[in-house]
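Here the structure comes first, spelled out in structure tokens, and everything after it is commentary.
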Amino acid sequence: MAEIQLRNVGKRWGTFVGVHNFDLTIADREFLVLLGPSGCGKTTTMRMIAGLEDVTEGQILIDGKVVNDLEPKDRDVAMVFQSYALYPNMNVYENIRFPLKVRGIDAASHDEKVRRAASMVELDDFLHRKPAELSGGQRQRVALARAIVREPNVFLMDEPLSNLDAKLRVSTRAQIKNLSHELAVTTIYVTHDQIEAMTLADRVVVMKKGIVQQVGSPTEIYDHPANTFVASFIGSPAMNLIDGRVEGGVFTAQHTRVEGVALPDGPVTLGFRAEDAVLAGQGQIEAPIYTIELLGDATMISVRIGGALVSVKADKTYRAEIDDRIAVSIPVEACHFFAAESGERIALATA
Ligand SMILES: Nc1ncnc2c1ncn2[C@@H]1O[C@H](COP(=O)(O)OP(=O)(O)OP(=O)(O)O)[C@@H](O)[C@H]1O
Ligand SMILES: [Mg+2]
């Protein structure tokens, strides 16, 4: 078992802050995803947990024990990197076996361990191939098996799917999810792909510029984004955000008028999701269509409001032309409001 505690963990290089005040307890067997744009500090956080990067502030504990000064090899964590670095001269079997040899684990147990790990990632039939004779997805699975064979207390995975094409990514993602269920090992998984985060995680940590923006289950983060950054990062398409003003309980922006908004007068940002709005005879938004996209299972309609594109998901049979005027109705309960300056979510905004 392994519970990981990050206590106000920070990383600085000179004056540059890579990770700021990261404070979180990761439960035993939890699947935690670190999500955020490039450079937000995901890899740095993971490397600190692995012991590959010194901690400048705070403490990291594994099962209640401070590990700040513990060597990576003494932390019982296995890391799978984006570039999976297999040994080109060894076949799949030897690649998977390698960590057992290095660790001096009883040779009599190797064969069973290697075959079991290989079987978990469905590589049974490829044990004698060299890495060059494998597809990208198969190589990625060798790297996974090489981590599995160590039977670590903690798995750290840094963008393990990023070298795979879209289709393989989806199938390997499903495999990782199934595997994590089977192995039941605490896992920290880094990605900048919000769909990967939503599909894999027990909890997601959304980061921006070294600072944690929100921690929550995929549903919490999707349904109650803590600020406009999270709202615009999660979801495909991201949440629509319209900058406007409340005056006398009415929110207005270009083409937009929402009544019954129980907020003090002043600037605010209205948010709603494409799938929560409906095209109707009349609605809070009335504007000409900017573009129409046929997605197969739905038709996505966009209008322009101020500088922003606002999307509405319509039925797959819906057809219209660019510049046709539409009305968009947004149910009161689907409206989110965010403070104009800080972007922070404003609780219970409508009445
Ligand atoms: N050794 C270093 N010295 C100085 N700055 C560094 C060092 N390593 C990383 N950084 C900076 O710290 C920040 C966080 O880097 P990190 O690699 O953790 O980002 P990331 O979230 O993993 O991004 P990506 O999605 O691109 O992998 C970046 O701005 C990066 O330039
Ligand atoms: Mg990274």
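Just so you know, all these numbers are worked out from the coordinates, no wet-lab data involved. Keep in mind it's a predicted model, so treat the numbers as computed, not measured. In this analysis, Cβ positions are derived from the backbone assuming ideal geometry, glycine residues included, and neighbour counts consider all displayed protein chains.
Would you be able to tell me the number of residues in segment 78-90 that are crowded, with 19+ Cβ neighbours inside 10 Å and more than 13 Å from residue 148 (Cβ to Cβ)?
The total comes to 2.
Which one of these is hydrophobic (A, V, I, L, M, F, W, C), surrounded by 20 or more Cβ atoms within 10 Å (Cβ to Cβ) and within 16 Å of residue 308 (Cα to Cα): 233, 251?
When all the criteria are applied, what remains is 233.
Checking the condition within 22 Å of residue 227 (Cβ to Cβ) and either surrounded by 13 or more Cβ atoms within 10 Å (Cβ to Cβ) or without any contact (Cβ under 8 Å) to a residue 60 or more places away in the chain (or both), which residue from 327, 298, 308, 314 passes?
Step by step, each of 327, 298, 308, 314 is checked, and only 308 is within 22 Å of residue 227 (Cβ to Cβ) and either surrounded by 13 or more Cβ atoms within 10 Å (Cβ to Cβ) or without any contact (Cβ under 8 Å) to a residue 60 or more places away in the chain (or both).
From 219, 191, grab the single residue that is away from ligand 2 (no atom under 16 Å from the Cβ) and not charged (D, E, K, R).
Answer to the check: 219.
Anything in segment 194-221 that is surrounded by fewer than 16 Cβ atoms within 10 Å (Cβ to Cβ) and within 11 Å of ligand 1 (Cβ to nearest atom)? List them, or say none.
Once the filter is applied, which keeps residues that are surrounded by fewer than 16 Cβ atoms within 10 Å (Cβ to Cβ) and within 11 Å of ligand 1 (Cβ to nearest atom), segment 194-221 yields only 209.
Considering each residue of segment 25-54, count those that are surrounded by 17 or more Cβ atoms within 10 Å (Cβ to Cβ) and either assigned to a strand (DSSP E or B) or without any contact (Cβ under 8 Å) to a residue 12 or more places away in the chain (or both), and give that number.
The qualifying residues number 7.
Scan segment 23-54 for residues that are away from ligand 2 (no atom under 16 Å from the Cβ) and over 22 Å from residue 147 (Cβ atoms) and jot them down.
Across segment 23-54, the qualifying residues are 23, 24, 25, 54.
Quick check on segment 55-62. Is at least one of its residues outside any strand (DSSP E or B) and either away from ligand 2 (no atom under 15 Å from the Cβ) or closer than 26 Å to residue 161 by Cβ (or both)?
Yes, the conditions are met somewhere in segment 55-62.
Output yes when any residue across segment 273-283 is in contact with a strand residue (DSSP E or B) (Cβ under 6 Å, 6 or more places away or on another chain) and either exposed (fewer than 11 other Cβ atoms within 10 Å of the Cβ) or of a type in the set (Asp, Glu) (or both), and no when none is.
Checking segment 273-283: at least one residue is in contact with a strand residue (DSSP E or B) (Cβ under 6 Å, 6 or more places away or on another chain) and either exposed (fewer than 11 other Cβ atoms within 10 Å of the Cβ) or of a type in the set (Asp, Glu) (or both).
Considering only helices (runs of 4 or more DSSP H) fully contained in segment 159-261, which possess at least 2 residues that are farther than 17 Å from residue 30 by Cα and over 15 Å from the mean Cα position of the chain (by Cα)?
Of the helices (runs of 4 or more DSSP H) lying wholly inside segment 159-261, those with at least 2 residues that are farther than 17 Å from residue 30 by Cα and over 15 Å from the mean Cα position of the chain (by Cα) span 166-183.
Is at least one residue of segment 64-72 more than 21 Å from residue 198 (Cα to Cα), crowded, with 20+ Cβ neighbours inside 10 Å and basic (Lys, Arg)?
Looking for residues that are more than 21 Å from residue 198 (Cα to Cα), crowded, with 20+ Cβ neighbours inside 10 Å and basic (Lys, Arg), one finds none in segment 64-72, hence no.
What single numbered condition from (1) within 16 Å of ligand 1 (Cβ to nearest atom); (2) in a helix (DSSP H, G or I) fails to hold for residue 98?
(1)
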